1. Nearest 500 deg cm²/dmol is fine: what mean residue ellipticity at 222 nm does the chain get from its DSSP H runs of n ≥ 4 alone, each adding -39,500 (n - 2.57), divided by its residue count?
2. Hydropathy at least 1.0 by Kyte-Doolittle, axial extent at least 20 angstrom from the Cα trace: which helices of the chain, defined as entire DSSP H runs, fit?
3. If I ignore ligands, DNA and RNA and count only protein heavy atoms, how much of residue 137 is accessible to a 1.4 Å probe, in Å² to the nearest 10?
4. Compute the distance in nm between two label points, each set 7 Å from the Cα along the Cα-to-Cβ direction, one at residue 141 and one at residue 371.
5. Heavy atoms only, 1.4 Å probe, whole protein assembly: order 205, 460 by accessible area, highest first.
6. Once every Cα of segment 491-606 carries one equal point scatterer and solvent is ignored, give the base-10 log of I(q)/I(0) from the Debye formula at q = 0.22 Å⁻¹, two decimals.
7. Enumerate the calculated ³J(HN,Hα) couplings along segment 302-317 in order (Karplus 6.51 cos²θ - 1.76 cosθ + 1.60, θ = phi - 60°), each rounded to whole Hz, writing x wherever the residue is Gly or Pro.
8. Using +1 at the C-beta of Lys and Arg and -1 at the C-beta of Asp and Glu, which of 251, 233, 279 has the Cα lying farthest in the positive direction of the dipole of segment 210-315?
Amino acid sequence: MTLSRLLFGQDRIAGFSGAAQVLSAAVAVCALLVLPPAALAQASAAQTQAFSYSVELDVPDPYRKLLQDNLEIYASRENPRMDADQLRFLVGRTPDQMRALLATEGYYSPVIDSSLQHRQGAWIARFVITPGEPSRVAAVNLELRGSITEEERAARLALMREGWPLREGMVFRQAQWELAKRNALQVLLIERYPAAKIASSRATVDPQTRKASLQVVLDSGPAFTFGTLETSGLERYPHSIVERLNVIEPGSVYSQAKLLQFQARLQDSHYFTGATVSADIDPARPERVPVKVQVVESQSRKLGFGAGVSTDTGARGQVEYKDLNFMDRAWRLSTLLKLESKKQLLSGDIQLPRNPKGYTDSLSALTERTDIEGQKTHKYSLGAKRSRVSGNDETAYSAQFQTERVVVADVPDQSNQALVGGYAWTRRKVDNLLYPADGYLLNAQVGAAAKALLSDQDFVRTYAKATYYRSVGKNGGLILRGELGVTLAQSRQGIPSDFLFRAGGDKSVRGYDYESLGVKSGDAIVGGRYLGVASAEYVHWIAPAWGAAVFYDAGNAADDLHDFKFVQGYGAGARWKSPVGLLKMDLAYGQETKETHIHFSVGISF
């Protein structure tokens, strides 16, 4: 729209001479000089808003959003240059766009009636769509060609057919057709045939019979095998770090899963901030292709400081030092000084690089002082451990020597020591490690000590814990937790406190102080040989990161089964998905003590 039209109206007056038109243009130019910018902007905005239209769509609801999100006539409503002529053009081409979109959902013969009306100064584009009957899959023909052997051809075709999502009789949809082809090709790509491709594919749809015949021909290409390692990016750490984490043997069959497993091992090793593992896929050279590893090394030395607070152990401050290349052997040295209101500890740990079988060996030393529920403990510990992570499972074998001095109110000082051999197994199968909503966590431990081997008492300690997560509805979640512990021994005398049990606190029985449930000894609470805890919690998420919870806990610890009695705690709390894990703030009532406690914790206990 020209400025002369803004000044003189939409339509040019019939009979205007050429001179008059020149005069009009001159006046318009003058207006540019005299009209204030705000007036020009208002005039332009008024002209832009002068033309508008609405779209009425009469179509079954399942396909309404598909059309609204993809039709040009909807996207053009904000076009400032739109006018009646362009709208008529859009209305004329929209049915073809609708047919193309509905065809992706299997409707190849829709009936579409369109109209454009101008009522009460408003333009209305109306479309009535009757999709009709969808086309269905009548036949599926899969062929596999290439250098693949006859025996393997049959096995791969069976896998392709098993994972084929478009079965005979199903509605033929474009998205599923593309997915089906990708799935079939993936059966070849993931192992032995990474250069496989779709040689041809055809979907023939008969609109009259509403039947679709599908044909896909795949070419396997040559079979690939792995070669030697080619590593780049190493400066601080020796090449042996990468070699020990390697799960690929030269000459073995190409496997995408092996590449990903190798890459995950490198990324989880803490030596690298980034790692990629790949293999060149050249059909002309399929044998012994090099395995290329590119890493970005982590800083070898780190010093960290931390502070926090917990309702279990009070205020906390800590200093941690790590050296990932201790003595230039790629040994991982970790030292930690932690000061809490109820606990103080100094620890050191040396962890060796993972060996070719996937095991990690470590040595540790620790000194710790605690003052909890009237029991003061000063302990020293030396340990060795061999652990391995495989998929969702983690196993650990350990040997630990521990000696402690215990001071209990009204009881003389007592020293206990034990050399304990142990085994632990953990399975983590949850949808999200930081904020699990579905899945479960299992942990089982067993340890044993004998008087004949530097121990004051013969005992066997067993412990098991299970946590189950289940989504409830759209915004709810259920958490069930249980713990069971038994230390088999003639008595608890001579057994270090770490191998006995107490309960109570943020991650045990809420409504009671930290480790306040156990065996009463004078004015103190000490550990017993039996533990039992059960918990049920429901969380309702009010917002994506915020939720409210109600819970019920029950549990206790005792030195004799006859004295064991479940005590109860229940209450409500708030939840926040913080960057470091789930933050919990609970208000709990202990039925046994008739006291109310506030509990605060961050993270998930494994």
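The values are calculated or read from the model by the stated rules, or taken from the named source; none is laboratory data. Bear in mind that the values here come from a model prediction, so they are computed numbers and not experimental data. Cβ placement follows ideal geometry from the backbone for every residue including glycine, while neighbour counts extend to all protein chains displayed. The protein model used for the area step is the full one, side chains on, heavy atoms only, and it has no ligands, DNA or RNA in it. Shrake-Rupley method; radii C 1.70, N 1.55, O 1.52, S 1.80 Å.
1. Numbers: 10 runs with 117 residues, N = 606.
My calculation for the chain gives -6000 deg cm²/dmol from helical runs alone.
2. Values: long enough: 18-34 (24 Å, 2.16); 84-103 (29 Å, -0.03); 174-189 (22 Å, -0.12).
Result, helices passing both filters: 18-34.
3. 10
4. Placing both labels 7 Å beyond Cα along the Cβ direction yields 8.6 nm.
5. On the way: 205 35, 460 55 Å².
Result of the area sort, largest leading: 460, 205.
6. Normalising to I(0) and taking log10 leaves -1.16.
7. Couplings: 9, 10, x, 10, x, 8, x, 8, 9, 6, 7, 10, x, 5, 9, x Hz.
8. Value computed over the given set: 279.
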